[in-house]
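For reference, the structure discussed in these notes is given below.
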Amino acid sequence: MKILLTGASSFTGMWFARELARAGHEVVATFRKRPEEYADDLRRRRVSMALEVCRGVFGCSFGDPAFLDLVRRERWDLFCHHAADVTNYKSPDFDLVSALANNTRNAASVLEALKTGGQARPRLLVTGSVFENDEGAGSEGLPAFSPYGLSKGFTWQVFRYHAARTGLPLGKFVIPNPFGPYEDPRFTAYLIKSWFAGQTAAVNTPEYVRDNIHVSLLAKAYAKFAGDLPDRPGMHQIHPSGYPESQGAFALRFAKEMRPRLGLPCEVELKRQVGFEEPHERINTDLINGKALDWDEGRAWDEFAEYYKGLFRSRNSPTGQ
């Protein structure tokens with residue numbers, strides 16, 4: 001297929017671009033900036049890696065005039081809308097209204113352009129989050145975790161509405177907690193950083209039940225789902241699951257896998273959790289058969305360890321290179 005992809009500069013987006021290309025698809029990715037114009041090293045690296053497997057279109061954001069021109073100028077089999085406004089996404093002051101506007105700018109015009117110029121009936125694939133309202137399985141009635149989660153839920157409803165009106169096939173790929181090489185600094189990055197500093201990693205929220213998944217497995221599931229989307233009107237969803245367990249159990253699992261690979265003690269202290277500001281449990285529901293996707297779990301752990309060994313080796317070198 002010929003695929004148009006947004007959000008390829010993100011952690012998961014870069015991996016999705018690589019797996020789509022590896023599956024034999026022609027991938028065209030849009031970027032707001034050129035690689036050298038991004039402020040942080042990690043994002044510049046991810047853009048460069050995405051460009052190794054796809055054609056980049058720069059100075060282009062979803063729904064803006066340049067994007068609409070691109071959609072109308074070429075013919076597409078599948079549009080993967082992975083980009084989302086994540087500015088201050090952890091803050092309770094996250095601008096929900098602005099994010100929704102950015103995520104869905106001119107959505108009706110984009111889908112009409114896809115339908116008019118597409119091959120047969122082009123498909124639409126939107127990325128969701130398990131932290132949206134009413135997604136996955138868990139406790140407290142499945143509320144949104146945050147204003148960011150609300151923005152993702154509303155974004156999905158906008159695309160669901162317009163896809164039904166235009167008759168385009170629609171898929172939703174719901175992401176849980178991905179981790180792996182080129183990740184943003186979140187839970188597993190904190191654990192690794194603590195261990196390389198010779199410290200015991202403290203887990204302050206060990207009782208939360210979450211769904212952590214290797215990004216390499218997530219990307220293979222994404223490419224398979226994208227390739228299998230039918231070309232008839234209708235809605236299809238998948239909720240890929242990795243390790244649905246408590247954060248304490250996952251931290252211990254992670255330490256066990258990293259200990260021999262890093263050659264470090266990888267000690268973990270599970271603190272007594274006293275705060276429960278987030279829902280106690282939220283997981284995805286579709287267990288992924290990695291073997292069927294030619295995914296090697298041991299190799300995924302190896303690649304993760306090698307990535308961080310290289311990263312910390314570089315930081316500790318005299319030149320910092």
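Backbone N atoms of region 1-38 closer than 15 Å to the 7 Å Cα→Cβ label point of residue 314 belong to residues 36.
Which residues does a label at residue 307 reach in region 1-21, if reach means a backbone N under 18 Å from a point 7 Å past the Cα toward the Cβ? 7-21, by backbone N distance to the label point. Ordered from highest to lowest accessible area with the whole protein assembly present and a 1.4 Å probe, 161, 182 read as 161, 182.
For the chain, a simple Cβ point-charge model (Lys and Arg +1, Asp and Glu -1, everything else neutral) yields a dipole of about 760 debye relative to the Cα centre.
Solvent exposure of the chain, expressed per residue, is 46 Å² of accessible area, with all protein chains present and a 1.4 angstrom probe.
The phi torsions of region 286-295, fed into the Karplus equation with coefficients 6.51, -1.76 and 1.60 and a -60° offset, translate into couplings of 9, 5, 9, 7, x, 4, 5, 9, 6, 9 Hz, rounded to whole numbers, with Gly and Pro shown as x.
Along the Cα-to-Cβ line of residue 274, 7 Å from the Cα, sits a label point; which residues in region 237-263 have backbone N less than 16 Å from it? None, by backbone N distance to the label point. Here the Karplus curve 6.51 cos²θ - 1.76 cosθ + 1.60, taken at θ = phi - 60°, turns the phi angles of region 163-168 into couplings of 5, 5, 5, 8, x, 8 Hz, with x standing for Gly and Pro.
Think of the chain as having a plus end and a minus end, set by charges on the Cβ of Lys, Arg, Asp and Glu; of 53, 94, 82, 53 sits farthest toward the positive end of this dipole. Is the shape of the chain rounded, prolate or oblate, going by the alpha carbon gyration tensor and its root eigenvalues a ≥ b ≥ c, with a/c under 1.5 for rounded and a/b larger than b/c for prolate? The shape class here is prolate. When the surface is traced with a 1.4 Å probe over the full set of protein chains, residue 20 keeps roughly 0 Å² accessible.
Above 19 Å, the calculated P(r) of region 152-265 contains 58 percent of its Cα-Cα pairs.
Just to verify a number: FRET efficiency for residue 88 and residue 293, C-beta to C-beta distance, R0 = 35 Å, to 0.05?
Once rounded, the FRET efficiency stands at 0.50.
Quick check on region 1-123: take the gyration tensor over C-alpha atoms, sort the square-rooted eigenvalues as a ≥ b ≥ c, and tell me if it's rounded (a/c under 1.5), prolate or oblate. It is oblate, given that a/c is not under 1.5 and a/b is not larger than b/c. Among 61, 194, the sequence by solvent-accessible area, most first, with a 1.4 Å probe is 61, 194. Within region 199-321, antiparallel bridges make up roughly 40 percent of the DSSP beta bridges whose residues both belong there.
Whole angstrom only: what separates the Cα centroid of region 1-77 from the Cα centroid of region 192-247? What the calculation gives is 22 Å, centre to centre.
Give me the percent of the accessible area of region 88-201 that comes from carbon and sulfur atoms, probe 1.4 Å, all protein chains in place. Reported share for carbon and sulfur atoms: 51 percent.
Scalar couplings 3J(HN,Hα) for region 179-196, obtained by applying the Karplus form with A = 6.51, B = -1.76, C = 1.60 to θ = phi - 60°, are 9, x, x, 6, 6, 6, x, 10, 5, 5, 5, 5, 4, 4, 4, 4, 5, 5 Hz; x denotes Gly and Pro. Under 5 Å between amide hydrogens, built in the peptide plane, is the criterion, and for residue 63 it picks out 68 among residues at least 5 positions away or on other chains. Working note: 222 nm ellipticity from helices only, DSSP H runs with n ≥ 4, each -39,500 (n - 2.57), summed and divided by the residues of the chain, gives -13000 deg cm²/dmol to the nearest 500. Only protein heavy atoms count here; under a 1.4 Å probe, residue 196 has an accessible surface of about 70 Å².
With distances taken between every two different alpha-carbon atoms, region 218-321 has a Kirkwood hydrodynamic radius of 17.3 Å. Remark: for residue pairs 2/220; 2/224; 33/90; 224/256, the C-alpha separation exceeds 20 Å in 33/90; 224/256.
Considering only 30, 239, 124, the residue lying farthest towards the positive end of the dipole of the chain is 30, judged by Cα position with unit charges set on Cβ. Put simply, the amide H of residue 237, placed in the peptide plane, has neighbours under 5 Å in 172, leaving out anything fewer than 5 places away on its chain.
With charges only on Cβ, +1 for K and R and -1 for D and E, what is the dipole size of region 113-220 about its Cα centre, in debye, rounded to 20?
Numbers: 11 positive and 8 negative charges, 133 e Å.
So the magnitude is around 640 debye.
Computed from Cα positions, the angle between helix 107-117 and the longest principal axis of the chain comes to roughly 60 degrees. Taking all protein chains together and a 1.4 Å probe, the residues 285, 188 rank 285, 188 from largest to smallest accessible area.
The values are calculated or read from the model by the stated rules, or taken from the named source; none is laboratory data. What you are looking at is a predicted structure, and each value in this text was computed from that prediction instead of being measured. Glycine gets a Cβ as well: all are built from the backbone with ideal geometry, and neighbour counts include every protein chain shown. The protein model used for the area step is the full one, side chains on, heavy atoms only, and it has no ligands, DNA or RNA in it. Shrake-Rupley method; radii C 1.70, N 1.55, O 1.52, S 1.80 Å.
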